[in-house]
Amino acid sequence: MAAPRVSDLHRTAFVTGASTGLGRAFAAMLLAEGVRVWGTSRDVVRLAELAAAHPGRFTPVALDLRDATAALAAFRGPEKDAGGFDVVVNNAGYGAFGGFTSADFADWRAQLEVMLVNTAALAHAALPGMLARGRGALVNISSLAAEFPLPFQPAYNMAKAGLSALSESLMIETRGSGVIVLDVRPGDYRTDFEGSVARLPGADAPHAMRAWAAFEAMMRSGPHPDHAAGSLRRALLRNRSATVRTGRFFQAVAGPLLARLGPLALNRRIQARYFGLD
Ligand SMILES: NC(=O)c1ccc[n+]([C@@H]2O[C@H](COP(=O)([O-])OP(=O)(O)OC[C@H]3O[C@@H](n4cnc5c(N)ncnc54)[C@H](OP(=O)(O)O)[C@@H]3O)[C@@H](O)[C@H]2O)c1
C-alpha cells in the first residue's frame with residue numbers, strides 16, 4: 001500500500017513567509033507531498049528559487065503583514081485563482097529585542113500588529129472558504145515562547161500567546177465542521193530569525209546582552225527547519241485539531257511536562273537562570 005501523502009487530503013496551500021527558514025521548509029514539504037503552494041515574501045525575488053524548482057506548482061505572492069488591507073488583498077486574489085485554499089499556514093514573523101520601557105511603544109505595537117492582529121485577520125479571511133467546503137487546515141505557527149516567555153522580547157511573547165489562544169479558541173469553534181486548526185509551537189530552530197531580530201533600545205544593557213547570548217546559542221544549535229516540517233506533515237496527516245510542540249526533546253517534550261507539574265514561580269526561576277538573569 002502506498003504511504004499516505006498530504007495531497008490525499010489537501011490540494012492547495014498558502015504559506016506566509018515562505019522565502020526562508022521554517023516557512024520555506026513548510027512550503028518545500030507541502031510541494032514534496034504533492035500539494036500546490038502559494039508562498040509569500042515581502043520581496044518575491046526571494047521566492048524565485050522555489051518557483052524555478054517547481055514550475056506551475058509554486059506561485060510567489062508579494063505580501064507584507066505591516067499593512068492589513070494590502071495583505072488581505074494579497075491573499076484574496078490567489079485564493080480565487082486557486083479555487084480556495086485547503087491549507088493556510090500563518091508562519092511569517094520576526095523578533096524584536098530590547099527593554100520594554102527603553103524601547104518606543106510604537107515598535108512593540110508594530111510587532112503585535114504584524115504577528116497577532118494582522119495574522120488573525122488572515123485567519124479570519126481564510127476560514128470561511130474552508131468552512132463552506134467542510135474541509136481544510138488552518139495552521140498558526142506560534143512558539144514555545146507562548147509558554148516560556150523570552151526576556152526582552154515582550155511583544156513577541158504576547159503575540160505568540162495571543163495566537164495560541166486564538167488557535168485554541170478556533171479548535172473548539174470548528175469542532176465537527178471538517179476543518180482542523182493546528183497550533184504549532186516550535187522551540188529553537190536554526191533559521192535566519194536570530195539574524196533578522198530588530199535590536200531596540202535597551203538591547204545593549206549588560207543583563208540584556210547575557211539573555212541575548214543564551215538566546216543566540218540556543219538558536220544556532222537548534223535543529224534544521226526540515227525537522228519542524230516533518231512535525232507539520234505528521235499533524236496534517238493525523239487530520240485532527242491539535243497543539244503541536246516541535247523541537248529538541250528537552251524544549252518540546254520534557255520542558256512543557258515539567259512546567260505543568262511544577263509551580264510557576266519555580267519555572268520562572270529556571271527561566272531566569274537559563275537566561276543569565278538570576
Ligand atoms: N526559528 C525558530 O527557532 C522559531 C521558534 C519558534 C517560532 N518561530 C516562528 O516561526 C516563524 C518563522 O520564523 P523563522 O525562524 O523561519 O524566521 P525567518 O527565517 O526570519 O523567516 C521569517 C519569514 O517571515 C517573513 N516576514 C517577516 N516579516 C514580515 C512581514 N512584515 N510581512 C510578511 N512577511 C514577513 C519573512 O519574509 P521576507 O523577509 O522574505 O519578506 C520570512 O519569510 C515565525 O513566526 C517565528 O516567530 C521560529
Most mobile of ASP204, ASP81, ASP188 in a GNM of the chain (Cα contacts under 10 Å): ASP81
Neighbourhood net charge (14 Å Cβ-Cβ; Lys/Arg +1, Asp/Glu -1) for ALA96: 0
Residue-normalised accessible area of the chain, given per residue in Å² at a 1.4 Å probe: 46
Estimated distance in nm for a label pair at HIS124 and ALA272, the labels positioned 7 Å out from Cα along Cα-to-Cβ: 3.9
Per-pair calculated FRET efficiency, R0 = 51 Å: ARG190 and ARG135 via Cβ, rounded to 0.05: 0.90
In segment 19-68, trypsin sites (Lys or Arg not before Pro) in a DSSP loop with at most 15 other beta-carbon atoms within 10 Å: ARG42, ARG57, ARG66
Under 14 Å from the ARG210 label point (7 Å along Cα→beta-carbon), backbone N, segment 237-278: 269-278
Compactness relative to 2.2 N^0.38 Å, alpha carbon Rg of segment 167-235: 1.56
Nearest 10 degrees, 0 to 90: helix 68-82 Cα axis against the chain principal axis: 30
Length gained when the stretch VAL117-ARG5 is fully extended (0.36 nm per residue, less Cα-Cα span): 37.1 nm
Carbon/sulfur fraction of accessible area - segment 7-274, other protein chains in place, 1.4 Å, %: 58
Phi-based couplings in Hz for segment 134-145 (Karplus 6.51, -1.76, 1.60; Gly and Pro marked x): x, 6, x, 9, 9, 10, 9, 8, 8, 5, 5, 4
Debye intensity ratio I(q)/I(0), log10, segment 52-144, q values 0.25, 0.26 Å⁻¹ (C-alpha model): -1.35, -1.41
Length added when fully stretched, SER102-THR69, from 0.36 nm per residue minus Cα-Cα: 8.8 nm
Prolate/oblate/rounded call for segment 1-114, Cα gyration tensor, a/c under 1.5 rounded: prolate
Coil-residue trypsin sites (Lys or Arg not before Pro) of segment 147-240, DSSP, other Cβ within 10 Å capped at 16: ARG175, ARG190, ARG240
Residue among LEU116, LEU264, LEU236 with the largest mean-square fluctuation in a Gaussian network model of the chain, springs linking Cα atoms under 10 Å: LEU264
Evaluated at q = 0.07, 0.15 Å⁻¹: base-10 log I(q)/I(0), Debye formula over Cα of the chain: -0.24, -1.13
Gained length - ARG199 relative to TYR94, 0.36 nm times residue gap less alpha-carbon distance: 36.7 nm
Positive minus negative residues near LEU131 (Lys, Arg vs Asp, Glu; Cβ under 13 Å): +1
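The values are calculated or read from the model by the stated rules, or taken from the named source; none is laboratory data. If you're wondering where the values come from, they're calculated on a predicted model, not measured in any experiment. Counting neighbours? That spans all protein chains shown, and the Cβs are built from the backbone with ideal geometry, glycine included. Accessible surface areas use protein heavy atoms only, side chains included; no ligands, DNA or RNA. Shrake-Rupley method; radii C 1.70, N 1.55, O 1.52, S 1.80 Å.
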